[in-house]
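Every number here is computed from the coordinates shown, using simple stated rules; none is lab data. This is a predicted model, so every value here is computed, not measured. Cβ: placed from backbone, ideal geometry, glycine included. Neighbour counts: every protein chain shown.
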Amino acid sequence: MLDALRYEWTRLTTLRSTYWLVGIGLLAAALIPVILGFAAGDEELVPEIIAVAVNGGASFGIPFLAVFMAVIGIFATGHEYRHGTIQPTLTALPQRSRLILAKILVVSAATVAVTVVSMAVNTGVLMVFFGEVPGLFDDPVRSALLGYVVYTLIYMLVGLGLGLLFRGVPSALVVIFLMPLIIENVIVGLSVLPALDWLVPVVKFLPFTAGSLLMTVGSADMGMGLDYGFFDRWGSGAVFAVFAAAIIAAAWTLFKKRDA
């Protein structure tokens, strides 16, 4: 197992794409507190604003860092097939389950570390503009930020699973962008139509929509005026986690059965 972990760590840290994606993700997330600082520098910080600023806009529907970490997750498995390195990899590490577990552990650790760094950077930016960040370590901000870490981690695992499931990069990228940004938003939008009101109870089971509730500070009514019956923070996170686990389980099973 140590050999698999060492291999995956070396692979991750020697790819230029890792540094580019992490750097762009950190920069994009940091722009949110900068914008808020210039736009509302004279106003009092409230929990909703603090959460949005520290998570880089993720709870406002712009999960910059989560998306970039998901792309790294896709590359962790998809690159092996895209560049034909999966065969020599399996020759050196024939225990397939150990290889996938090593990828999950290493990329997960990197995701949590990068997310914490991003939150620290964003908090520093807020302090530059506002002097202090009140209530940062108190609920509901504390729970929302912990939820943000979990959300980013699960988002990355979805990407990693899709890369392994499709055995490539393009298809996984299409799904990771298309599903949360278009498909789920369309379903939520259609649910307000009287003729399609049967979609209302479905909304709380949409994985990315449910996952976003991990980061909420206030109400989760989505401004639609409908009672979607959302689960609580961690219940909604469980919906997202089950989705990620299902993708990884399917990809893992096929990976063990299919030829390289």
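Assorted remarks:
- Calculated on alpha-carbon atoms, Rg and Dmax of segment 154-260 in Å: 15.5, 51
- Computed over segment 2-257, the Cα gyration tensor eigenvalues convert (square root of 5λ each) into semi-axes of 32, 24, 14 Å, ordered from largest to smallest.
- Residues Lys257, Lys103, sorted so that the one with the fewest Cβ neighbours within 10 Å comes first: Lys257, Lys103
- Relative compactness, segment 83-164, computed as alpha-carbon Rg over 2.2 N^0.38 Å: 1.54
- Helical segments meeting 30 Å axial Cα length and Kyte-Doolittle 1.0 threshold in the chain (DSSP H): 16-40, 96-130, 141-166, 233-257
- Charging the Cβ of each Asp and Glu at -1 and of each Lys and Arg at +1, and nothing else, the dipole of the chain about its Cα centre rounds to 1600 debye.
- Under the Debye formula (equal points on every Cα, no solvent term), log10 I(q)/I(0) of segment 1-132 at q = 0.17, 0.19 Å⁻¹: -0.84, -0.96
- Coarse-grained scattering of segment 46-87 at q = 0.22 Å⁻¹, given as base-10 log I(q)/I(0) from a Debye sum over alpha-carbon atoms: -0.69
- Förster radius 22 Å - calculated FRET efficiency between Ala92 and Trp9, Cβ distance, rounded to 0.05: 0.90
- Counting neighbouring beta carbons within 10 Å and listing from fewest to most, the residues Ser212, Ser59, Ser97 come out as Ser97, Ser59, Ser212.
- Paramagnetic reach from Asp227 in segment 190-212 [backbone N under 13 Å; point 7 Å along Cα→Cβ]: 201
- Among Arg11, Arg233, Arg142, residue whose mean-square fluctuation peaks in a GNM of the chain (springs only between Cα atoms under 10 Å): Arg11
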